[in-house]
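Working notes for the structure below.
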Amino acid sequence: MQLRDEISGEKQVGARNLTAWPSWLGRWLVRLAKPLARRVSANAVLWITAGIGCVLVLALTVAGSGIYESVEEGEGLAGIDRPILDAAIDLRTPKSDRLITWFTNLGGAVGMTIIAATITLAMVLRWRSRTPLLLMVIAVAGSLSMTSIGKIVVGRVRPDTADAVPPYETSPSFPSGHALNSTVIAGLVAYLLLLRLTSRLSRIVTVVLAAAWAVAMGLSRVVLGHHWLTDVMFGWTLGLAWLCVVITAHRLYLTVRNTRRGST
């Protein structure tokens, strides 16, 4: 599966060339990727980079569970959960509960699958590029893995059903899958759009809307009593970490392809 960056101009975000690496860390990653690219295809570099990154972020997920348990035992960060939930309960009304429940369902397994698939298909057809499909598959696979592993490792109990708005959920609470998956998918859609948008204002609006979606989705889980705030905060953190990995893997792919063309 070849990514069509040479046709669709997917190497720029505004004036920034994604194949240029000003930081020492970026240049170090490129030095590691280039010898690998002499043995395998540029697509393989993308998959390998994403795979290694996925392992690292999964390790971060497990480490995050340990950090969470430490602060919970010390009544640190987790100490804000109960007061925040109580404040959310005080703000509820029957009308707001129905509206927020409808919104939060968009971030569930069915809702986000439909949204992600629809947007990805539209991008593939409109741009005649397989990049959105390939990156979305990688991003969603990693995101779902982190959600599942985090819930299994921590096994945190959700807020009591007496404090939640039905329909109730029974799966482990940490991390918030809605927050994590929404951060990854909205962030990736924003990144893909940034590769195409030429107006600075449109790029700013795109980033703001993606961030607003992820924040609102996470907070909706707290307002409805389906998650503690710290579940959502860790979901955002893990989602951003994985999003950075996917984008970095794509940039390394572009760099390797660009280098190969320059040497021919």
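Some points to look at:
- Residue in the range 95-105 that is closer than 23 Å to residue 254 by Cβ, of a type outside the set (Asp, Glu), in contact (Cβ under 8 Å) with a residue 12 or more places away in the chain and surrounded by 13 or more Cβ atoms within 10 Å (Cβ to Cβ) present: no
- In the range 19-38, the residues that are over 9 Å from residue 256 (Cα atoms), touching a residue at least 60 places away in the same chain (Cβ under 8 Å) and in a loop (DSSP other than H, G, I, E, B): 21
- Looking only at the range 221-264, residues that are hydroxyl-bearing (Ser, Thr, Tyr) and either closer than 19 Å to residue 150 by Cα or at pLDDT 95 or above (or both) come to 2 in all.
- In the range 190-241, the residues that are of a type in the set (Val, Ile, Thr) and surrounded by fewer than 21 Cβ atoms within 10 Å (Cβ to Cβ): 198, 204, 205, 206, 207, 208, 215, 237
- Residue match in the range 146-169 (condition: modelled with pLDDT of 90 or more, of a type in the set (Val, Ile, Thr), under 30 Å from residue 193 (Cβ atoms) and surrounded by 12 or more Cβ atoms within 10 Å (Cβ to Cβ)): no
- Contact annotation: residue pairs with Cβ atoms under 7 Å, 6 or more positions apart or on different chains, pairing a residue in the range 143-161 that is within 22 Å of residue 224 (Cα to Cα) and among the aliphatic types (A, V, I, L, M) with a partner that is modelled with pLDDT under 85 and part of a helix (DSSP H, G or I), are 154/65; 154/68.
- Some residue of the range 199-217 being free of Cβ contacts under 8 Å to residues at least 12 places away in the same chain, within 20 Å of residue 141 (Cβ to Cβ) and among the hydrophobic types (A, V, I, L, M, F, W, C): no
A quick yes/no check of all residues on (1) more than 17 Å from the chain's Cα centre (by Cα); (2) within 22 Å of residue 132 (Cβ to Cβ); (3) assigned to a helix (DSSP H, G or I):
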{"position": "196", "(1), (2), (3)": "yes, yes, no"}
{"position": "219", "(1), (2), (3)": "no, no, yes"}
{"position": "222", "(1), (2), (3)": "yes, no, yes"}
{"position": "232", "(1), (2), (3)": "no, no, yes"}
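- Among residues of the range 160-182, those that are of a type in the set (Ser, Thr, Tyr) and part of a helix (DSSP H, G or I), counted: 2
- Criterion applied to 93, 104 was being among the β-branched types (Val, Ile, Thr), touching a Lys or Arg at 6+ places or on another chain (Cβ under 8 Å) and at pLDDT 90 or above, and the one residue passing it is 104.
- Looking only at the range 1-28, residues that are among the hydrophobic types (A, V, I, L, M, F, W, C), modelled with pLDDT under 65 and touching a Leu at 6+ places or on another chain (Cβ under 7 Å) come to 2 in all.
Okay, residues lined up against (1) of a type in the set (Val, Ile, Thr); (2) under 21 Å from residue 233 (Cα atoms); (3) part of a helix (DSSP H, G or I):
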{"residue": "86", "(1), (2), (3)": "no, yes, yes"}
{"residue": "105", "(1), (2), (3)": "no, yes, yes"}
{"residue": "114", "(1), (2), (3)": "yes, no, yes"}
{"residue": "117", "(1), (2), (3)": "no, no, yes"}
{"residue": "125", "(1), (2), (3)": "no, no, yes"}
{"residue": "133", "(1), (2), (3)": "no, no, yes"}
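- The condition (being modelled with pLDDT of 85 or more and either over 30 Å from residue 257 (Cα atoms) or within 19 Å of the chain's Cα centre (by Cα) (or both)) is satisfied by just one residue among 111, 79: 111.
The values are calculated or read from the model by the stated rules, or taken from the named source; none is laboratory data. Computed from a predicted structure; not experimentally measured. Virtual Cβ from ideal backbone geometry, glycine too; neighbours counted across all protein chains shown.
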